[in-house]
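Here the structure comes first, spelled out in structure tokens, and everything after it is commentary.
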Amino acid sequence: AAQLAGSGVEQTLIPDSRKSPHEWHYTTTKPKDDWFKVGFRAEKEGWKLAPGGFGKKGTPNCNPRTEWHTPDIWLQASFQLSTLPKKLVMTVYHDEDAEIYLNGQKIQEFKGCVSNYFEVPLGKGAKQALQTGRNVVSVHCKQTKGGQFIDLGLHQPKRDPLDIAKL
């Protein structure tokens, strides 16, 4: 299959910390119960601001840009959309359990740990949660033992290459 010019470009909404780290609001103290809702503003609750990639130095295959040593961390970041993407992919590295919310809707939950980044195509629930204007990603990561790390990014992938034979 050949790719035609103009068949789309990848658009990064939130870069993971391997590229250019995104600034995240974070807290290691249990926040209010509505911490993941779209109206919750971490910056107004005194959460700290630091570059993404939270964890302990020495955790395999990761480069923590912000040290994190407590059992729990809560993160929040926002991004703007002028148009809604057709597809959305999340890159994530979690050690250990993580819950991810988009505009107040839980879109993903992970148990245990992984030892590197992986991609997760987000389904209908995530696409329905998206809105033009401000979008909020909220993350809770829980750690019980060993190394720890949480980082994620969101991007709109390039459209699938067009197959000239089908035109």
From the options 96, 109, residue that is farther than 21 Å from residue 17 by Cβ, in contact with a strand residue (DSSP E or B) (Cβ under 6 Å, 6 or more places away or on another chain) and either modelled with pLDDT under 95 or open to solvent by 50 Å² or more (accessible area, probe 1.4 Å) (or both): 109
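Restricting attention to the range 40-64, and to residues there that are of a type outside the set (Ser, Thr, Tyr), assigned to a loop (DSSP other than H, G, I, E, B) and touching a residue at least 60 places away in the same chain (Cβ under 8 Å), which single residue is surrounded by the fewest Cβ atoms within 10 Å (Cβ to Cβ)?
Initially, the range 40-64 is screened for residues of a type outside the set (Ser, Thr, Tyr), giving 40-58, 60-64.
Adding the requirement that they be assigned to a loop (DSSP other than H, G, I, E, B) leaves 40-41, 46-47, 52-53, 56-58, 60-64.
Those still in the list that are touching a residue at least 60 places away in the same chain (Cβ under 8 Å) too: 40, 52-53, 56, 58, 60, 62, 64.
Numbers: 40: 18, 52: 26, 53: 22, 56: 16, 58: 8, 60: 11, 62: 24, 64: 21.
The selected residue is 58.
Each row is one residue, and each column tells you yes or no for (1) in contact with a Cys (Cβ under 9 Å, 6 or more places away or on another chain); (2) modelled with pLDDT of 95 or more; (3) closer than 17 Å to residue 114 by Cα.
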| residue | (1), (2), (3) |
| --- | --- |
| 26 | no, yes, no |
| 30 | no, yes, no |
| 43 | no, no, no |
| 74 | yes, yes, no |
| 86 | no, no, no |
| 100 | no, yes, yes |
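Which residues, counting only those in the range 82-92, are open to solvent by 50 Å² or more (accessible area, probe 1.4 Å) and touching a residue at least 60 places away in the same chain (Cβ under 8 Å)? Outline the logic, then answer.
Of the residues in the range 82-92, the ones open to solvent by 50 Å² or more (accessible area, probe 1.4 Å) are 82-84, 86-87.
Scanning the range 82-92 gives 86, 87.
Can you pull out the residues in the range 93-144 that are hydroxyl-bearing (Ser, Thr, Tyr) and either touching a Leu at 6+ places or on another chain (Cβ under 8 Å) or touching a residue at least 60 places away in the same chain (Cβ under 8 Å) (or both)?
Quick first cut of the range 93-144, residues hydroxyl-bearing (Ser, Thr, Tyr) only: 93, 101, 115, 117, 132, 138, 144.
Of everything in the range 93-144, those that are hydroxyl-bearing (Ser, Thr, Tyr) and either touching a Leu at 6+ places or on another chain (Cβ under 8 Å) or touching a residue at least 60 places away in the same chain (Cβ under 8 Å) (or both) turn out to be 93, 101, 117, 132, 138, 144.
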Qualifying positions in the range 125-146 - open to solvent by less than 30 Å² (accessible area, probe 1.4 Å), in contact with an Asp or Glu (Cβ under 9 Å, 6 or more places away or on another chain) and either over 26 Å from residue 96 (Cα atoms) or outside any strand (DSSP E or B) (or both): 143
Count of the range 65-81 residues which are surrounded by fewer than 13 Cβ atoms within 10 Å (Cβ to Cβ) and assigned to a strand (DSSP E or B): 2
Residues of the range 91-126 that turn out to be under 12 Å from residue 154 (Cβ atoms) and charged (D, E, K, R), as a count: 1
Residue in the range 14-25 that is more than 17 Å from the chain's Cα centre (by Cα), within 19 Å of residue 154 (Cβ to Cβ), exposed (fewer than 15 other Cβ atoms within 10 Å of the Cβ) and of a type outside the set (Gly, Ala, Ser) present: no
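The values are calculated or read from the model by the stated rules, or taken from the named source; none is laboratory data. All figures in this text were calculated on a predicted structure; none of them were measured in a lab. Quick reminder, even Gly has a Cβ in these numbers, built from the backbone with ideal geometry, and neighbours come from all protein chains shown. The protein model used for the area step is the full one, side chains on, heavy atoms only, and it has no ligands, DNA or RNA in it. Shrake-Rupley method; radii C 1.70, N 1.55, O 1.52, S 1.80 Å.
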